[in-house]
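Report on the structure given below.
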Amino acid sequence: MILTDQAYLRPDGAKGIRNQLLVVYLVECAHHVAREIAFPFRQRGVQLAGFGGCYPNEYSFKMLRALCTHANVGAVLLVSLGCESFDRKHLRQAIEAAGRPVHTLVIQQTGGTRRTIAEGTAWVEATLAGLAQTPRTTMRLDELIVGTVCGGSDATSGITANPGIGRAFDRLVAERATCIFEETGELIGCEQIMLNRAVNPELGEILRASVEKAAKYYTIMGHGSFAPGNAEGGLTTLEEKSMGAYCKSGDAPISGLIKPGDVPRGGGLYLLDVVPDGPPRFGFPNINDNAEIAELIACGSHLILFSTGRGSVVGSAISPVLKVCANPETYRNMSEDMDVDAGRILEGRGTLEEVGTEIFAHCLRVARGGETASELLGHQEFVLTYKSFEPIGPACHPTYH
Amino acid sequence: MEGLLLISARDNVAIALRLLPAGSTQTLAGQPLVLRQPVKLGDKVAARDLAAGEIIRKYGVPIGSATRAIEAGEHVHLHNMKSDYLPTYTLEDDHRFIPQGH
């Protein structure tokens with residue numbers, strides 16, 4: 001199925017549904033300068049991302065490399081203070097190798113805040129002109145990658161929005177698109193059911209082990225992936241929230257397990273393991289929803305389906321975030337922030353099938369350039385923290401040859 | 001339209017589809033069920049009498065267990081059930097986290 005003839009064709013062959021220029025700070029000390037460069041251009045596709053830490057970390061490097069060479073990104077400005085540990089040279093080389101225009105500004109070499117902002121502003125202005133000439137191409141639905149996340153969940157999430165997204169995922173997978181669901185910490189209690197959906201028993205065992213790892217990790221942290229608002233919203237236990245979250249994955253077979261920065265190949269449904277390997281070293285696996293969204297995008301997601309019951313407003317840098325609202329009362333209260341009123345099922349104003357069809361239609365609309373509510377409101381949240389992972393083995397992605 | 005939803009036939013708790021008053025009689029699987037407390041959208045209600053320690057089922061799967069005997073029609077939440085994995089934390093008025101049910 002042809003998705004669009006207006007996709008952005010990158011020199012490395014990647015096809016994007018957005019044409020962003022990314023301004024990236026490589027340590028918190030460069031954040032202000034990067035933001036000052038990006039902010040005046042925020043209506044013209046210039047976005048801010050970055051990493052706040054000064055210590056080196058393989059995960060954060062892999063994440064920024066994946067994000068700076070994402071299909072939706074056409075050019076990158078790196079902003080370094082100069083003395084931080086981040087390996088800016090190899091990041092720039094990776095972006096160059098992907099054929100994206102890239103420039104590095106080092107604040108300590110450029111001569112401080114004002115000069116760096118001026119140089120950065122000039123580079124962005126000049127580069128935007130070239131970006132507007134990005135060639136357009138045909139993109140099929142089987143080239144689309146869609147991620148899903150839930151945030152601000154309540155007891156309606158698992159009845160309306162999440163199974164609605166599951167129906168949309170089933171349609172997308174049937175068209176050989178790639179779908180990614182995540183947060184193994186929110187699958188605690190679902191492991192036995194989930195392993196039976198793996199394309200082979202070896203992968204089933206890997207899926208089960210990933211949830212066990214999450215349960216151990218969260219037990220050491222002393223908190224499950226469960227916020228006080230979840231309980232106010234009628235959810236009582238982690239495993240109750242898990243089952244509600246799990247239905248976002250739909251009914252398709254699970255083709256593989258990936259980790260942040262791995263881009264799945266060949267279509268199908270994938271579980272993104274977001275819980276670090278080894279003993280806990282850097283705190284909670286994901287400190288908020290945007291940390292998960294950034295990881296889904298680093299796995300190639302062109303767009304994100306975000307299910308919410310309590311009412312989240314966030315968007316993201318790089319890829320559009322589409323809000324599916326599970327709770328009809330929340331929808332009435334915050335309709336401007338929502339794209340789909342899935343909670344209407346609870347009031348007899350629609351069926352799960354209709355909501356699934358609507359979400360699928362929104363995926364096509366947004367991939368063809370239509371804006372989401374969070375894009376229209378200017379949301380571009382981004383966060384990246386420390387983690388550590390072991391690389392995945394071939395058994396994690398058995399369909400990839 | 002009905003006030004309670006049983007997601008799976010194997011479930012022993014039903015979900016409130018809107019604000020329902022205490023003492024009201026709801027219909028669940030063709031049988032009357034009298035609510036013991038008021039419940040709001042998304043809240044769980046015992047579909048039948050539950051023994052202390054009994055597994056609570058929603059979506060047809062276990063979501064925790066009863067910490068005491070629960071009568072049919074009672075609101076089921078932090079005060080009478082717990083996780084069988086990790087404790088649930090709620091935010092009290094003084095912004096301290098209080099573990100529940102453990």
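A helix-only calculation puts the protein assembly as shown at -8500 deg cm²/dmol for mean residue ellipticity at 222 nm, using -39500 (n - 2.57) for each DSSP H run of at least four residues, averaged over all residues. Shown for A:Leu235, B:Leu41: other C-beta atoms within 10 Å of each C-beta, ranked fewest to most, produce the order B:Leu41, A:Leu235. Taking a ≥ b ≥ c as the square roots of the Cα gyration tensor eigenvalues, the stretch A:140-396 comes out rounded, since a/c falls below 1.5. Where both bridge residues fall in the protein assembly as shown, DSSP classifies roughly 40% of the beta bridges as antiparallel. Where in the stretch A:360-401 is the amide nitrogen less than 17 Å from a point lying 7 Å along the Cα-to-Cβ axis of A:Ile220? Answer for this model: A:386-391. Per the Cα gyration tensor, the protein assembly as shown maps to an equivalent ellipsoid with semi-axes of 41, 23, 22 Å, ordered largest to smallest.
Multiplying the residue separation of A:Glu232 and A:Gln43 by 0.36 nm and removing their Cα-Cα distance gives an extension gain of 64.3 nm.
Sorting the Cα pairs of the stretch A:340-401 by distance into bins of 5 Å, from 0 upward, gives 3, 13, 11, 11, 11, 13, 18, 13, 5, 1 percent per bin.
Summary of packing: across the peptides B:15-23, A:297-305, the per-residue average of other C-beta atoms within 10 Å ranks them, highest first, as A:297-305, B:15-23. Peptide A:237-248 is shielded by partner chain Cβ atoms: per residue, an average of 6 of them sit within 10 Å of its Cβ. Loop-located GluC sites (Glu not before Pro) across the stretch A:278-359 with a Cβ neighbour count of 15 or fewer within 10 Å are lacking, with loop assigned by DSSP. Our coupling estimate for the stretch A:381-394, obtained by passing each phi through the Karplus curve with A = 6.51, B = -1.76, C = 1.60 and θ = phi - 60°, is 4, 7, 8, 9, 10, 7, 7, 9, 9, 8, x, 6, x, x Hz, Gly and Pro reported as x. Using the Cβ of A:Thr121 as centre and a radius below 15 Å, the other residues enclosed give a net charge of +2, where K and R count +1 and D and E count -1. Considering only the other residues whose Cβ falls under 14 Å of the Cβ of A:Ile206, what net charge follows from Lys and Arg at +1 and Asp and Glu at -1? Here the charged neighbours net out to -4.
Per residue of peptide B:36-44, the mean number of Cβ atoms on other chains within 10 Å of the residue Cβ is 5. So if R0 is 45 Å, what FRET efficiency would A:Leu9 and B:Ile55 give, r being the distance between their Cβ atoms, rounded to the nearest 0.05? Given R0 = 45 Å and the Cβ-Cβ separation, E is 0.25.
Nearest 10 degrees is fine. How inclined is helix A:88-97 to the longest principal axis of chain A, computing both from alpha carbons? Roughly 80 degrees, rounded to the nearest 10.
Considering only A:Leu26, A:Leu48, A:Val73, the residue lying farthest towards the positive end of the dipole of the stretch A:20-133 is A:Val73, judged by Cα position with unit charges set on Cβ.
In this calculation the C-beta distance from A:Met1 to A:Glu212 is compared with R0 = 41 Å, giving a FRET efficiency of 0.60.
Since every read-out is calculated from the coordinates, none of them should be taken as a lab result. Worth saying up front: this structure is predicted, and the values here are computed from it rather than measured. Every residue, glycine as well, gets a Cβ built from its backbone with ideal geometry; the counts of neighbours run over all protein chains shown.
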